[in-house]
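Structure first, commentary second.
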Amino acid sequence: MFFALIGILIGAVIGFLLPYTYNSAYSLYVSVAILACLDSIFGGIRANLENNFSIQIFLSGFFGNSVLAAFLAYIGDQLGVPLYYAAIVTFGGRIFDNFAAIRRIWLRKRKSNE
């Protein structure tokens, strides 16, 4: 947990010190990729709380899902079909499922400590 907090702190400092902007034409691809990354983060937190975390699975999901989601949005954009909705629905639903599971795990642990 300590290393995760250090990683978040380092990432935040780098983000503030080296601001990066991108062309607004890519905002759809970036937003879908960020959504996929958030899905992986919540899945990693859940797996960690369930003592089932694997760094290989987390990293492959983090990068693989974000690239796949951005590629899906790109292909849909080229075809004129909003395929990015599939990524939004899938990753959005999984984020809420993982958050619900995380909340239940925390509440169970809190209740057992009382």
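Going by the conditions given, is F2 closer than 27 Å to A100 by Cβ and surrounded by fewer than 11 Cβ atoms within 10 Å (Cβ to Cβ)? Spelling it out, F2 is indeed closer than 27 Å to A100 by Cβ and surrounded by fewer than 11 Cβ atoms within 10 Å (Cβ to Cβ). Among the residues of region 86-101, write down those that are within 22 Å of F63 (Cβ to Cβ) and surrounded by 13 or more Cβ atoms within 10 Å (Cβ to Cβ). Scanning region 86-101 gives A86, A87, I88, T90, F91, G92, R94, I95, D97, N98, F99. Annotation note: of G44, G64, G76, the sole residue that is surrounded by 12 or more Cβ atoms within 10 Å (Cβ to Cβ), of a type outside the set (A, V, I, L, M) and either closer than 19 Å to I8 by Cα or touching an Asp or Glu at 6+ places or on another chain (Cβ under 9 Å) (or both) is G44.
Given the criteria without any contact (Cβ under 8 Å) to a residue 24 or more places away in the chain, out of contact with any Phe, Trp or Tyr (no Cβ under 6 Å at 6 or more places or on another chain) and either among the hydrophobic types (A, V, I, L, M, F, W, C) or over 25 Å from A4 (Cβ atoms) (or both), does V30 qualify? Full working, then the answer.
Values: without any contact (Cβ under 8 Å) to a residue 24 or more places away in the chain: no; out of contact with any Phe, Trp or Tyr (no Cβ under 6 Å at 6 or more places or on another chain): yes; either among the hydrophobic types (A, V, I, L, M, F, W, C) or over 25 Å from A4 (Cβ atoms) (or both): yes.
Considered against the rule, which asks whether it is without any contact (Cβ under 8 Å) to a residue 24 or more places away in the chain, out of contact with any Phe, Trp or Tyr (no Cβ under 6 Å at 6 or more places or on another chain) and either among the hydrophobic types (A, V, I, L, M, F, W, C) or over 25 Å from A4 (Cβ atoms) (or both), V30 comes out as no.
No lab work stands behind these numbers, since they all come straight from the coordinates. What you see is a predicted model; the values in this text were computed from it and never measured. When we count neighbours, we look across all protein chains shown, and the Cβ atoms used for this are built from the backbone with ideal geometry, even at glycine.
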